[in-house]
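The values are calculated or read from the model by the stated rules, or taken from the named source; none is laboratory data. Given the structure is predicted, the values throughout are model-derived calculations rather than measurements. Note: ideal-geometry Cβ built from the backbone for every residue, glycine included; neighbour counts use all protein chains shown.
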Amino acid sequence: MRCASRAVWAWGLGALVCLGFAVGLRAPLTALMSLHMLVQIPLLVLAGVCAEQAWRACRPESEPDARPRPAWSFNEYGVPGLLLVSLVGAGWMVPKALDDALTDWRVAAFKYLGLPVCGWVLRASLRRSNVVIKLFFLGNFCWMSAIVGMIYLDQPIRLCNAYLQDDQDWSGRGLIALAIALPSCWLLAELKPVWRFLNR
Amino acid sequence: MRWILALAVALAAGLGALYGLTDGFTVLTAEAARRQDVARNPRPIPAVQVLYGDGRIQSLNQDLRRDGRIAIVNFFYTRCLSLCLVQGSLTERLQRAIVEHGLQDRIRLISISFDPRERPSDLSRYAVRMNADPAVWQFLSFAQPAQRDAALDLFGITVVPAPLGEFEHNAAFHIVTPDGRLARVLDLDDPGLALLAAKDEAERGLVPAGAVPGEPERRAGEGRT
């Protein structure tokens with residue numbers, strides 16, 4: 001197989017670095033709730049995203065033509081994939097998930113194996129979806145993250161047995177920041193399609 | 001219509017994972033899950049040697065069996081400056097309620113320290129500070145680190161070291177029966193409910209595991225008294 005080698009290497013390396021950091025530094029990264037939730041988990045997802053990019057860079061010419069009309073695929077417009085990723089995202093905002101990831105090997109396995117797979121599904125789905133669908137799922141994720149962040153900040157009691165109260169507040173602030181940063185970045189990255197859609 | 005199938009699979013997988021994580025959409029925190037699990041399946045306490053304020057060391061299970069009273073157990077450490085003090089004053093109120101209702105021959109209080117630095121004198125001094133009546137309220141600590149970890153694990157107490165040499169830990173009232181079972185876990189905010197649950201347990205005597213009704217029925221019971 002002939003690959004567009006430089007891109008493959010770059011994305012592959014990115015995936016390995018993300019995975020390496022998330023797994024190699026798991027003790028310090030899970031010591032704080034904020035790092036666990038806002039650094040380690042995103043890194044694992046990012047590893048999947050990069051891996052999908054690398055894989056995609058390997059099959060250069062055939063795909064771009066099929067992109068505008070992905071005739072009846074399993075992942076039509078990426079909706080099933082994005083739905084799955086949204087539900088998984090919701091699951092990792094439940095405080096019990098963070099506690100269980102430290103004590104229950106099944107949840108830990110789901111974290112280290114499932115999240116990269118979710119990242120892969122996310123990238124593959126985003127490729128197939130259009131602006132409206134992306135906006136729907138992104139908006140959905142962001143309000144959820146903001147509300148959960150506010151709940152974390154608002155709680156006078158600890159929600160995670162394994163983490164300190166201060167840290168819970170920082171996670172809450174981080175989630176709210178995420179809810180602002182994510183759509184801002186997306187808007188910057190997709191200014192053109194959004195502009196085109198609005199001026200249709 | 002393959003994508004509809006895929007959509008259904010994605011929905012089922014996502015909701016299934018959420019269902020499993022939240023014990024069937026009933027709990028959001030590990031603490032709530034612990035309380036629910038104990039209420040459904042009372043847990044036998046492992047063999048553990050405890051240290052008393054007067055310096056003697058004994059098996060906790062033996063103490064429970066010999067004493068014969070239902071114990072309301074909570075966990076603390078004597079150097080604590082925050083949560084344990086609140087817990088301590090709530091427990092003191094509980095002690096007063098036990099004596100007022102004449103329940104001291106059926107129910108008692110035990111506070112167990114998880115701090116390995118604790119000496120017997122720390123415990124006895126703390127007991128004085130808390131106005132504890134030694135006949136109703138005992139202060140213990142774990143004699144052996146390995147047993148301490150096993151016991152905390154069974155009770156579901158997670159101790160996290162915090163700045164300034166403090167610890168943060170989940171606090172609650174634990175109803176423990178004389179035959180050495182952790183039967184219920186009740187919220188710290190409601191000592192009355194803990195007393196009621198202990199009274200229920202005392203009236204029930206030795207019941208087979210699994211026959212303990214769930215939270216809603218107890219809450220209804222609270223209205224009766």
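Summary table
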read-out: Check on B:Gln36, under 15 Å from the mean Cα position of the chain (by Cα) and surrounded by fewer than 18 Cβ atoms within 10 Å (Cβ to Cβ); value: yes
read-out: Tally of residues being surrounded by 16 or more Cβ atoms within 10 Å (Cβ to Cβ), within 12 Å of chain B (Cβ to nearest Cβ) and assigned to a helix (DSSP H, G or I) across region A:152-200; value: 4
read-out: Filter result (over 15 Å from B:Asn74 (Cα atoms) and either β-branched (Val, Ile, Thr) or at pLDDT 90 or above (or both)) within region B:145-178; value: B:Gln147, B:Asp149, B:Ala150, B:Val160, B:Pro178
read-out: Conditions (1) more than 26 Å from B:Phe167 (Cα to Cα); (2) away from chain B (no Cβ under 14 Å); (3) not hydroxyl-bearing (Ser, Thr, Tyr); number of the one not met by A:Arg128; value: (2)
read-out: Boolean, A:Leu175 is modelled with pLDDT of 95 or more and touching a Phe, Trp or Tyr at 6+ places or on another chain (Cβ under 8 Å); value: yes
read-out: Top-ranked residue in region A:71-91 [being more than 9 Å from chain B (Cβ to nearest Cβ) and either closer than 15 Å to A:Arg123 by Cα or buried (at least 20 other Cβ atoms within 10 Å of the Cβ) (or both); ranked as modelled with the lowest pLDDT]; value: A:Gly78
read-out: A:Ala10 vs. criteria surrounded by fewer than 22 Cβ atoms within 10 Å (Cβ to Cβ) and more than 18 Å from the chain's Cα centre (by Cα); value: yes
read-out: Subset tally (residues that are part of a helix (DSSP H, G or I) and within 26 Å of B:Glu92 (Cβ to Cβ)) for region B:129-170; value: 7
read-out: Pick from region B:153-168, criterion surrounded by 15 or more Cβ atoms within 10 Å (Cβ to Cβ) and within 16 Å of B:Pro44 (Cβ to Cβ), ranking: nearest to the other protein chains (Cβ to nearest Cβ); value: B:Gly156
read-out: So A:Val117, is it within 14 Å of chain B (Cβ to nearest Cβ), at pLDDT 95 or above and either closer than 22 Å to A:Phe137 by Cα or not in a helix (DSSP H, G or I) (or both); value: yes
read-out: Residue that is farther than 17 Å from B:Glu31 by Cα, of a type outside the set (S, T, N, Q) and at pLDDT below 85, where the choices are B:Glu222, B:Glu201; value: B:Glu222
